[in-house]
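**Q** Okay, here's the structure, questions in a sec.
All of the numbers you see were taken from the coordinates with simple rules; none came from a lab. What you are looking at is a predicted structure, and each value in this text was computed from that prediction instead of being measured. Virtual Cβ from ideal backbone geometry, glycine too; neighbours counted across all protein chains shown.
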Amino acid sequence: MGIKERHEREREAVREAILGAARELFVAEGYRHVSMRKIAERIEYSPAAIYSYFTSKDEIFFALAEEGYHLLADHCNAAFAAADDPLEALRSALWAFYEFSKAFPEYFELMFLDRSVPRLSQDVERFEFFQHTTARGEAAIRALVTCGVFKETVDAAAALHILWAGLIGPASLGLTGRLGDEESPDALAHDVLESTLAGLRAGVATTFHANECPLRAATHTGEVRPAESHHDHAS
């Protein structure tokens, strides 16, 4: 290994150490209570050295959020690809979203539960890759409307929001231990998902309207480009 390659590997190792320390501290203490100095102390580096890798705490958060959304996209896209039926594909992808909260709880808390983190819209181009995943969800919903499984009044974007928002509740209750000893967050998540899908099939009136979101594909054709996997992105 040459000097340049060794230097790049060492620099990448330090970068990963910074991200790992920040992820742990953000979850344990809350984003707003963690400083660059505290992150530096965790890995026994000087604050000045940390700034040579990341210019701010916000930049560290965006790097972690990008990693998290790549992991989430990989989980959901794999679920979509494994099912031919649009209803089963939608159900499986939403369940993958819930399972993500258990497999990667630190990422989930940062991405969906911590109110003090920066808004993703501040660095939206960084998360454009996730449009593919939301587009697949909306395309599945539109296919279910077309074949009559969901009522024609169902708006795909609003329905997708309602479905994933519903699962954040059981996920957060499970992560924070807010359920009783005999109460299963998995069972609660299952019932929330099935009840919401049943409501969409029955044509329950909804009042939520989704704005055009940078993390949601604008296309309504159902045609989406192949997703770039997290491993492809990192290589």
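**Q** Which residue, Val149, Gly177, Val124, has the largest displacement toward the positive end of the dipole of the range 62-234 when charges sit on each Cβ (Lys, Arg +1; Asp, Glu -1)?
**A** Val149
**Q** Where the centre of each part is set by its Cα atoms, how far does the range 64-95 sit from the range 1-56, in angstrom?
**A** Centre-to-centre distance over Cα atoms comes out at 30 Å.
**Q** Reachable lysines from Lys38, Cα under 28 Å, same-chain residues fewer than 8 places away excluded?
**A** Once the sequence-local lysines are set aside, what remains near Lys38 is Lys57, Lys102.
**Q** Semi-axes of the range 53-173's equivalent ellipsoid from the Cα gyration tensor, sqrt of 5 times each eigenvalue, largest first, rounded to whole Å?
**A** Ellipsoid semi-axes (Å, largest first): 28, 15, 13.
**Q** Around Ala82, with a cut-off of 12 angstrom between Cβ atoms, what is the net charge of the other residues, counting Lys and Arg +1 and Asp and Glu -1?
**A** -2
**Q** Please report, in cubic angstrom per residue, the volume enclosed by the convex hull of the alpha-carbon atoms of the chain.
**A** For the chain, the hull spanned by Cα atoms encloses 154 Å³ per residue.
**Q** Run the helix sum for the chain: -39,500 (n - 2.57) per DSSP H stretch of 4+ residues, divided by residue count, reported at 222 nm to the nearest 500 deg cm²/dmol.
**A** It lands at -20000 deg cm²/dmol.
**Q** Using modelled backbone amide H atoms (1.01 Å from N, in-plane), which distant-in-sequence or interchain residues come within less than 5 Å of Asp155's amide H?
**A** HN-HN under 5 Å from Asp155: empty list.
**Q** Taking the Cα centre of the range 1-53 as origin, work out the dipole magnitude from +1 charges on Lys and Arg Cβ and -1 charges on Asp and Glu Cβ, in debye rounded to 20.
**A** Computed charge dipole of the range 1-53: roughly 140 debye.
**Q** So, one more: Report, in debye and to the nearest 20, how large the dipole of the range 62-234 comes out about its Cα centre when Lys and Arg carry +1 and Asp and Glu carry -1 on their Cβ.
**A** Rounded to the nearest 20 debye, it is 480 debye.
**Q** Straight-line reach from Lys151: which aspartates and glutamates have a Cα under 19 Å away, not including same-chain ones fewer than 8 places off?
**A** List returned: Asp85, Glu88, Glu138, Glu194.
**Q** Can you check what the net charge comes to around Phe62, using other residues whose Cβ is under 12 Å from the Cβ of Phe62 (Lys, Arg +1; Asp, Glu -1)?
**A** Taking every other residue near Phe62 into account, the sum is -3.
**Q** Continuing with this model, one more query. With a/c under 1.5 counting as rounded, go ahead and sort the range 99-223 into rounded, prolate or oblate using the C-alpha gyration tensor (a ≥ b ≥ c being the square roots of the eigenvalues; past the cut-off, prolate if a/b is larger than b/c, else oblate).
**A** oblate
**Q** Could you tell me which residue out of Ala49, Phe80, Ala187 lies farthest along the dipole of the chain toward its positive end? Charges go on the beta carbon: Lys and Arg +1, Asp and Glu -1, centred on the Cα centre.
**A** Most positive-ward Cα: Ala49.
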